[in-house]
Amino acid sequence: MLQASDDLKAMIDAARAAGDGLVRHFGALASLGVRTKSGPADLVSIADEEAERTIRAILGKARPSYGFLGEEGGATSGGDDAQTWIADPLDGTTNFLFGTPLWGVNVALAREGDIVAGVTWLPVLNEMYVAEKGAGAWLNGQRIHVSSRHRLVDSVLGCGIPFAGKPDHPVFAREMALLSANVAGIRRTGACSVDMAYVAAGRWDAYWERALNAWDMGPGVILVREAGGLASSVTGAALDVHGGNVCVSNGAIHDALIEQLNRALREPSS
């Protein structure tokens with residue numbers, strides 16, 4: 001049984017409270033106010049903003065000195081900036097707004113830049129993923145582990161697909177050309193929180209995406225690592241959660257996948 005720290009308990013409380021509000025909005029999508037954030041495919045709703053305020057309030061009460069980085073409100077300095085909460089109040093916004101249940105609440109804690117705790121709460125699926133450095137990864141109170149598959153050809157991969165306004169469309173096309181004929185399947189849920197949690201739980205063998213923020217990947221990084229997997233940049237370099245990309249896997253297929261992702265960067269379409 002996981003013996004959660006006070007920090008992790010606050011994170012779980014914050015994620016659940018934010019999720020409660022989001023579920024209420026999810027049941028009333030027709031009346032939800034929506035606007036565009038930076039383009040037609042990048043939607044934000046009042047639900048995101050309410051959820052972030054909820055998270056900020058709960059975490060701020062628990063640790064008022066910690067910094068805070070949120071998708072909607074940006075960064076807020078604290079007295080102890082070595083410790084920073086990182087939150088995505090609604091990961092998978094487009095799924096949410098189109099009535100798809102694959103969305104979640106992400107809360108992570110970075111200490112000196114290293115993610116040391118993470119929570120991904122998928123309210124509609126009733127799945128609470130939590131991890132803390134050195135304490136393993138857990139789903140609804142049960143220990144989880146990455147998959148044991150050792151060959152890329154036997155593996156199911158999750159990925160992010162660039163949409164309108166995102167970069168790297170030609171690179172993604174080359175990735176699909178290189179990988180799709182040489183793996184058991186490629187999946188896209190539309191929510192980084194879901195995809196990375198699924199790698200930690202052994203449902204996917206790996207996941208990569210080239211255009212992400214720290215709040216998208218934060219909890220997933222510690223979930224995968226504590227479940228026995230690896231997390232790096234898409235080139236195989238050491239991961240920087242502020243670096244804009246990520247590749248996570250069960251570890252066994254990591255090098256083979258990175259080789260193909262780097263090949264897609266080098267080779268033009270045929």
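The values are calculated or read from the model by the stated rules, or taken from the named source; none is laboratory data. Nothing here was measured: the structure is a model prediction, and the numbers come from that model. Don't worry about glycine lacking a Cβ; one is built from the backbone with ideal geometry, like all the others, and counts go over all protein chains shown. Surface areas here come from the heavy atoms of the whole protein model, side chains and all, with no ligands, DNA or RNA. Shrake-Rupley method; radii C 1.70, N 1.55, O 1.52, S 1.80 Å.
The listed residues are Asp168, Asp154, and the only one of them that is surrounded by 17 or more Cβ atoms within 10 Å (Cβ to Cβ) and charged (D, E, K, R) turns out to be Asp168.
Would you say Val146 is touching an Asp or Glu at 6+ places or on another chain (Cβ under 9 Å), open to solvent by less than 60 Å² (accessible area, probe 1.4 Å), modelled with pLDDT of 95 or more and aliphatic (A, V, I, L, M)? Write out each step before concluding.
Values: touching an Asp or Glu at 6+ places or on another chain (Cβ under 9 Å): yes; open to solvent by less than 60 Å² (accessible area, probe 1.4 Å): yes; modelled with pLDDT of 95 or more: yes; aliphatic (A, V, I, L, M): yes.
When the stated conditions are applied, Val146 passes them.
Search the range 66-98 for residues being among the small types (Gly, Ala, Ser) and open to solvent by 40 Å² or more (accessible area, probe 1.4 Å), and hand back the single one that is farthest from Glu127 (Cα to Cα). Before you say what the answer is, go through the steps one by one.
Keep residues of the range 66-98 that are among the small types (Gly, Ala, Ser), which gives 67, 70, 73-75, 77-79, 82, 87, 92.
Retained after the next criterion (residues that are open to solvent by 40 Å² or more (accessible area, probe 1.4 Å)): 73, 75, 77, 79.
On the way: Gly73: 26, Ala75: 28, Ser77: 31, Gly79: 33 Å.
Taking the candidates together, the pick is Gly79.
Pairs meeting the criteria (first residue in the range 203-230 and free of Cβ contacts under 8 Å to residues at least 60 places away in the same chain and open to solvent by less than 10 Å² (accessible area, probe 1.4 Å), second residue not hydrophobic (A, V, I, L, M, F, W, C) and not in a helix (DSSP H, G or I), beta carbons under 6 Å, at least 6 apart or on different chains) are Asp205/Ser147; Asp205/Arg149; Asp205/Ser155; Asp205/Asn250; Ala206/Ser249; Tyr207/Gly158. For beta carbons closer than 9 Å, sequence separation of 6+ or different chains, a first residue in the range 1-27 that is of a type in the set (Val, Ile, Thr) and a second that is open to solvent by less than 40 Å² (accessible area, probe 1.4 Å), the qualifying pairs are Ile12/Ala4; Ile12/Val107; Ile12/Val119; Ile12/Trp121; Ile12/Met128; Ile12/Val130; Val23/Pro123. Among the residues making up the range 249-270, those that are of a type in the set (D, E, K, R) and not in a loop (DSSP other than H, G, I, E, B) are Asp255, Glu259, Arg263, Arg266.
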